[in-house]
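The structure appears right after this line, and notes come after that.
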Amino acid sequence: MISLFLFFYGVALPIGLLLTVLGLKGLMEITRYESGKTFLYKLNPLTKVFFGIVVMSVAAVTIWWIGAILTLVTMFLYLTLNDGKKKFAYITLLVFITIIGSTWSIAPYTPNSVLQMVFPCPTSSYTVVWVWPSYFVNIMGYEPQLTLQALIYGAQISFRITSVLVSSLLLILTTTTSDIFRMFSKVKVPLAITFSILVGVKTVPRIFEILDTSVKMQFIRGLGYGKPRVLYPLYFFYAGLMAIIPSMVYLLRGAKNLAISVDTRGFRAYESRTMLVNLPFTKYDYAMFAVMIGLIILAVLANIYGFGRSIPYVGY
């Protein structure tokens, strides 16, 4: 019974927090563009793309706590956005959910041979949290024992994911699809790739909006009516699952209509396009490039002084 509880804790808790506490509305808030006047809105889209790439690279080649610091610092940038406190709360919750989900997707599967590189001590000294039954080991591929060291290792790995997540969402929150298209065209990115990226950026918030509408419609039609409120999260989860297929059908139909629309307007008729609006690099961009250069230097120094990823993640 405890094994099942731990399993569903690792699987159901992130999903439950995502659907009930953060909610589809919260996901829409941090994946949808809103105009603003702070420095993040004034950055060139290419600068934001490079920033995300640099953060991802630095987090990938350095020790875990550098990724944790990058996550925390980037999260505070959300306070400069429109309604920044609300967005900061949403992104904090999303990071927390990501850490839990990532930890529990890594820890049960990490063998002692890997943990010994991370924690160079006899495996007999590891703190055993739980011993999995044989069917968890044989069917699900779990390691026989869940140790505290495996949980620490999973949490350390999760900071690579969170640093990329928070830096990437800044691009979606502060940049219009038109500006992204102009910048990618200026640096000669193929139009097919540019268009695919723009469709993705445009679709992400739309997915949550459609799912939210579909879930609410199911409750309006009587889903869970008269049932105990303690079962509401289960009905909400069920409604979310039932909304996936209709939402995907709606989005695919919209993608088809969009393809027809751009073809009739002569999209890709020429290899290059002229632009009415020029996107210059401002002093804010140069400041961000200086920050990125500093991060690259930090990554190099970290590897030189023994804090690179070749040195295992140390939890103490």
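So here's what we get for this one:
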item	result
In segment 22-48, residue modelled with the lowest pLDDT [restricted to those that are under 22 Å from ILE207 (Cβ atoms) and among the β-branched types (Val, Ile, Thr)]	THR31
Test: residue in segment 64-75 that is assigned to a helix (DSSP H, G or I), modelled with pLDDT under 90 and touching a Gly at 6+ places or on another chain (Cβ under 9 Å)	yes
Test: residue in segment 90-98 that is over 26 Å from PHE5 (Cβ atoms) and crowded, with 18+ Cβ neighbours inside 10 Å	yes
Within segment 22-44, tally of residues that are surrounded by fewer than 18 Cβ atoms within 10 Å (Cβ to Cβ) and of a type in the set (Val, Ile, Thr)	1
Boolean, THR213 is assigned to a helix (DSSP H, G or I), hydroxyl-bearing (Ser, Thr, Tyr) and crowded, with 17+ Cβ neighbours inside 10 Å	no
Residue ID - nearest to SER3 (Cα to Cα), chosen from residues in segment 114-147 that are modelled with pLDDT under 85 and among the polar types (S, T, N, Q)	SER134
Filter result (under 26 Å from the mean Cα position of the chain (by Cα) and surrounded by fewer than 18 Cβ atoms within 10 Å (Cβ to Cβ)) within segment 112-127	VAL114
The one condition in (1) over 18 Å from PHE208 (Cβ atoms); (2) among the hydroxyl-bearing types (Ser, Thr, Tyr); (3) loosely packed, with under 15 Cβ neighbours inside 10 Å that THR47 fails to fulfil	(3)
Members of segment 131-160 that are of a type in the set (A, V, I, L, M, F, W, C) and either within 20 Å of the chain's Cα centre (by Cα) or closer than 11 Å to ALA107 by Cβ (or both)	LEU146, LEU148, ALA150, LEU151, ILE152, ALA155, ILE157, PHE159
Wholly enclosed helices (runs of 4 or more DSSP H) of segment 90-197 bearing at least 2 residues in contact with a helix residue (DSSP H, G or I) (Cβ under 9 Å, 6 or more places away or on another chain), in contact (Cβ under 8 Å) with a residue 40 or more places away in the chain and within 30 Å of PHE51 (Cα to Cα)	148-174, 177-186
Candidate set from segment 281-316 (those that are closer than 17 Å to GLY67 by Cα and polar (S, T, N, Q)); member that is modelled with the highest pLDDT	ASN303
Total residues in segment 1-54, condition in a helix (DSSP H, G or I), among the small types (Gly, Ala, Ser) and more than 22 Å from ILE139 (Cβ to Cβ)	4
When residues of segment 216-232 are limited to those that are among the hydrophobic types (A, V, I, L, M, F, W, C) and surrounded by 13 or more Cβ atoms within 10 Å (Cβ to Cβ), the one nearest to PHE50 (Cα to Cα)	MET217
Verdict on VAL277 being closer than 26 Å to LEU170 by Cα, at pLDDT below 80, out of contact with any Gly (no Cβ under 7 Å at 6 or more places or on another chain) and surrounded by fewer than 11 Cβ atoms within 10 Å (Cβ to Cβ)	yes
Sole residue being touching a residue at least 24 places away in the same chain (Cβ under 8 Å), of a type outside the set (Val, Ile, Thr), in contact with a Lys or Arg (Cβ under 6 Å, 6 or more places away or on another chain) and under 28 Å from VAL187 (Cβ atoms), chosen from LEU46, LEU40, LEU77, LEU81	LEU81
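The values are calculated or read from the model by the stated rules, or taken from the named source; none is laboratory data. Please read these numbers as outputs of a predicted model, since none were measured by experiment. With ideal geometry, Cβ positions are generated from the backbone for all residues, glycine too; neighbour counts draw on all protein chains shown.
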